[in-house]
Amino acid sequence: MTTRTDVSSGRLSTALVCTALAGAVIGSVGAPLITPVATGLHVSLDAAQWTLTVTLFSGAIAGPVLGRLGGGPCRRTTILVTLALVMAGGLLTVLPLPYAALVIGRGLQGLGVAAGALLMSVARAHLPPERSTSTIAALSVASTVGIGVGYPVVSLLDQLAGLRVAYGFGFLLSAVAFLIAWRMLPAEAPGAPPRIDVPGALLLALGTLGVLLLIAVPSLWATAWQAGSLLAGTAAVLAVWAFIELRTTEPLVDLRLLGRASVLRANLAILVAGAGLYLLFSLFTRYVQTPADAHYGFALPGVAAGAALIPFSLLGFVAGKAIPRVTERWAYLASTVIAVASAVLFAVGSQSFVFVLAAIALLGFAVGGIFAVMPKLVLVGVPQGETASVLSINQIARSIGMAVGSALAGLLLAAATPDGALLPTRNGYLTTALWALPLLVVSAVIITTDWRAPTRTRAGCSRR
């Protein structure tokens, strides 16, 4: 018999997933529109790339602050204010304003990605344990499903009605997400508002920005002193941040908690796995769009290339439902094995469109599986009040890993491009796909290895 509590929990779970899915789609809106931005607003492709990169930056930088704000009585307010800022960013992308306003708008939209950890903390605090687990898994997979929804729809809108209408889709979704959250998010128990460690927030934001710039802007490495200075400065900032956090009574991030074996293992694993998974994702999406004169690839236009990602999202959704039913370590291991199979299938069957679509689908299942099980791995033994904070750091690790994978794919394909040619060789694509294998294997080893120090047995002690 269905009780009123079950219905209420079901509605909240659905509302949280819909809000997260809208945020994921908004975050992916920029990818299919990079070339239209460059041609429509008369900027270079490198400049247009920032409409995608800035969402990654803002989401990673804002995550820990939002996580701390969302750890207590201000959680509902924090989510609503965040979604209102995302909506304001969407409005900036729609209005016929200069390019700088578009970049600012995309930066504000990136806050929607950071809100994912807050939504997970709501699920953990307000839903029964079994429903909470499945909802958190679905929230973690929302980014995978969002790609398959966002890419083809946005590409089609751009083709039919133009750039601003395509961005209008993101604005519409942000308005819907705000209304859902306003209607469905529960009130939090009263209590003292959380104290924000402002120096820690600024230092972490600066350090994270430095890391992402080093990864996502390869042109910085063209000048050795410039890259070296940024690298040294970033390391110094993060070292000072860690020093301050360990001595602050109410730190932005509890580093002692992050130092626990389970939390540290999960963060390292998603960092490495994110690089391998996003390397493959970048590779596959680029390969299917390769022009016909390259004598490989499939020359898919924007809308068709977006549609090719639908299997990625569908299988990711299936994994999000199926994987959490399996023991966490086995689920993670199975997902990495499937990702390896995806890379191998692409390497041996890249001349067949059916095989490449199958590789994309397998990759979606692997991404969905890894992302679905990750919250359970990272939250082992974590107090409920620290849920959003710990998950936000895990989100930073995922973002950095994905940025590494994207940059590595670009670097390897550039190295496989003959002098004077515009496109890499087909063998360059196949070799690049195989680079993901060691990353995925290392990630699986990190998760499946028990880091706990061995304890002496009673028999061993008695022999002393």
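Evaluate the relative contact order of the stretch 293-432 (contact order divided by residue number), counting alpha-carbon pairs under 8 angstrom at least 6 apart; express in whole percent. List each step's numbers first, then the result.
Details: 126 pairs, mean separation 35.2, N = 140.
Across the stretch 293-432, relative contact order equals 25 percent.
Tally up the carbon and sulfur contribution to the accessible surface of the chain as a whole percent, 1.4 Å probe, everything protein left in place.
In the chain, the share of accessible area belonging to carbon and sulfur is 69 percent.
Using the Cα centre of the chain as the reference point, and only Cβ charges (+1 on K/R, -1 on D/E), how large is the resulting charge dipole? Debye, rounded to the nearest 20. All intermediate terms of the calculation are to be shown ahead of the outcome.
On the way: 27 positive and 14 negative charges, 302 e Å.
Dipole magnitude for the chain comes out near 1460 debye.
Projecting each Cα onto the charge dipole of the stretch 184-311 (Lys/Arg +1, Asp/Glu -1 at the beta carbon, about the Cα centre), which of 214, 263, 308 comes out farthest on the positive side?
263
Any idea which of 67, 103, 86 is furthest toward the positive side of the dipole for the stretch 56-194, if Lys and Arg beta-carbons carry +1 and Asp and Glu beta-carbons -1?
Looking along the dipole axis, the top candidate is 67.
On alpha carbon coordinates alone, what is the Rg over Rh value for the stretch 109-212, Rh being the Kirkwood radius?
1.04
So, in nm, how far is label residue 384 from label residue 172 when the simple model puts each one 7 Å beyond its Cα toward the Cβ?
Result for the modelled spin labels: 3.9 nm.
Only helices at least 27 Å long along their own axis, judged from Cα atoms, and with Kyte-Doolittle mean hydropathy of -0.5 or greater: name those in the chain from DSSP H.
Passing helices, by number: 4-28, 45-69, 75-94, 129-161, 163-184, 224-247, 261-288, 328-349, 353-378, 387-415.
Please compute the Kirkwood hydrodynamic radius over the chain, one decimal place, Å, based on all pairs of different Cα atoms.
Averaging 1/r across every pair of different Cα atoms and inverting gives 22.7 Å.
Between residue 422 and residue 448, with labels modelled 7 Å along Cα→Cβ, what's the label distance in nm to one decimal, could you check?
That separation, rounded to one decimal, is 4.5 nm.
Using the Cα centre as the reference, give the magnitude of the dipole from point charges on the C-beta atoms of the stretch 163-259 (Lys, Arg: +1; Asp, Glu: -1; all else neutral), rounded to the nearest 20 debye.
Here the size comes out at about 220 debye.
How far apart, in nm, are two points set 7 Å out from the Cα along the Cα-to-Cβ line at residue 187 and at residue 130?
It works out to 3.1 nm between the two label points.
Would you mind working out the accessible area per residue for the chain, using a 1.4 Å probe, and quoting it in Å²?
44
Across 5 Å bins from the origin, how do the percents of Cα pairs in the stretch 78-149 run, short distances first?
Spelled out per bin, shortest first, that is 3, 16, 19, 18, 18, 11, 7, 4, 2, 1.
Please name which of 383, 372, 202 has its Cα lying farthest along the dipole of the chain towards the positive end, using unit charges on Cβ (Lys, Arg +1; Asp, Glu -1) and the Cα centre as origin.
So the residue furthest toward the plus end is 383.
Once you keep just the Cα pairs under 8 angstrom separated by 6 or more residues, what percentage relative contact order results for the stretch 391-438?
Dividing the mean separation by the residue count of the stretch 391-438 yields 25 percent.
Using alpha-carbon pairs under 8 Å, 6+ residues apart, how would you state the relative contact order of the chain in percent?
22
Mind jotting down a quarter of the surface of the convex hull over the alpha carbons of the stretch 230-357, in square nanometres, one decimal?
Spelled out: convex hull of the Cα atoms, projected over all directions, averaged, 12.0 nm².
Hey, can you rank 162-169, 177-184, 26-33 by average C-beta count inside 10 Å, highest first? The partial results should precede the final answer.
Numbers: 162-169: 19.2, 177-184: 17.1, 26-33: 25.6.
Result, highest mean first: 26-33, 162-169, 177-184.
The values are calculated or read from the model by the stated rules, or taken from the named source; none is laboratory data. Remember, it's a predicted structure, so these values are computed and weren't measured experimentally. As a convention, Cβ positions derive from the backbone with ideal geometry for all residues, glycine included, and neighbour counts pool all protein chains shown. Accessible surface areas use protein heavy atoms only, side chains included; no ligands, DNA or RNA. Shrake-Rupley method; radii C 1.70, N 1.55, O 1.52, S 1.80 Å.
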